[in-house]
1. Work from the charge dipole of the chain (Cβ charges, +1 for Lys and Arg, -1 for Asp and Glu, about the Cα centre) and give the residue of 171, 37, 278 farthest towards its positive end.
2. Counting Lys and Arg as +1 and Asp and Glu as -1, each charge on the Cβ, what is the dipole of segment 174-333 about the Cα centre in debye, to the nearest 20?
3. Restricting to DSSP loop positions (anything but H, G, I, E, B) with no more than 15 other Cβ atoms inside 10 Å of their own Cβ, which trypsin sites (Lys or Arg not before Pro) remain in segment 42-122?
4. Mind checking segment 266-333 for GluC sites (Glu not before Pro) that DSSP puts in a loop (not H, G, I, E or B) and that have at most 15 other Cβ atoms within 10 Å?
5. With axes computed from alpha carbons, what is the tilt in degrees of helix 239-251 against the longest principal axis of the chain, rounded to the nearest 10 within 0 to 90?
6. Specify the inter-centroid distance of segment 112-128 and segment 235-285, based on alpha-carbon positions, in whole Å.
7. To the nearest 10 degrees, how steep is helix 84-93 against the longest Cα principal axis of the chain, on a 0 to 90 scale?
8. With unit charges on the beta carbons (Lys and Arg positive, Asp and Glu negative) and the dipole taken about the Cα centre of segment 12-160, which residue among 154, 73, 139 sits farthest to the positive side?
Amino acid sequence: MARKEVKKPNPRAIARTIPMCQFSAMGISMFYSGTGLDRAAAQRRDEEWIARQLHDRSSRIVPVWRGHNLILAGSNPSALTLTGDHSRGLLEIAGEIALLGLDGATAFFAADLSDHEMPVLAPIIGRGEFSDIREYGMLLDRGEAALLAYARGLLFWHQRHRYCGICGGPTAPRQGGHVRVCGTEECGAEHFPRTDPAVIMLVTRPGPEGGAALLGRQARWPQGMMSTLAGFVDPGESLEEAVAREVMEESGIEVTDVQYQASQPWPFPSSLMLGFRARAKTVHINIDPNELEDARWFTRAQISEFGKSNELRLPRTDSIARWLIDGWLREPF
Ligand SMILES: [Zn+2]
């Protein structure tokens, strides 16, 4: 039977009373950040050290299967990491294995089981089940959610970079899975884990009762959900330029005073969300129907009616979008 990781003092109570963020010595800490692990950048260059950690039965393995994490479901869900005999069996059949880091002297590894069908895995994973972390993220211990997201994101990168983008030759992991090296002798290019920067911005405009915020929705989102605008950063573009361009493209609104707020890892599959506030210089909305199916100005009073007098609702509490909106709602005016 899989043994559950021994937890540190559980910050869940804090996470639930302050659902959007925590304030730490490093500033604002978003959901899916803050694993607390030492990423062991120096040690992971030592192949023998990596091998010793892998053979150490106290090392903890974070299994990932086809983008899903191993979770003990229920009213109080928790992440399952494997150690001892269970981790041995898992490591024997795993595809990619990547070092996540150290918690004290204990090494954490992510192991990709995607090549196997569930009946093969069932005896190993015990009572756990592979789930989309976003189904449970808000209920998990914050550190556990960050650990699972990190494992998922790193292994996704491995899956998508098995071949060299320069010569097409096969690549192989090095440095505990934090680089892939092309195996073609005359090439030998090193490829590093990629994160795609995306800007996400709350656009507001002054007005009576504290003004209004621009919220929109994509057709594929859950019904009624209205959120901040967002988009990927283009090559050759500053973050501030990306904010202004995306808002203009999606809504036809011109913005100024673009101010960075906070960031959030969003490895679903590989984004880093960079949160901004911006002030609208124009009011008339002209949506790009290829991007959005709706965008509107909402006052604080209108947002407070979400889910009451209408079917509209705000984004998930584990998202930086919600953090940006809630921050604006709390501001005095
Ligand atoms: Zn190559």
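Every read-out reported here was derived from the displayed coordinates using simple, explicitly stated rules and does not represent laboratory data. Since this is a predicted model, take the numbers as computed values, not measurements. No Cβ is skipped: glycine too gets one built from the backbone with ideal geometry, and neighbour counts run over all protein chains shown.
1. Farthest towards the positive end: 37.
2. Numbers: 17 positive and 23 negative charges, 142 e Å.
That gives segment 174-333 a dipole magnitude of about 680 debye.
3. Numbers: sites: 44, 45, 52, 57, 60, 66, 88; in loops: 57, 66.
Those that pass, being in a loop and sparsely packed, are 57, 66.
4. Working: sites: 291, 293, 305, 311; in loops: 291, 293, 305, 311.
The qualifying sites are 293, 305, 311.
5. Here the helix axis deviates by roughly 60 degrees.
6. Centre-to-centre (Cα) distance: 41 Å.
7. In the chain, helix 84-93 runs at an angle near 80 degrees to the longest axis.
8. It is 139, whose Cα lies furthest towards the positive end.
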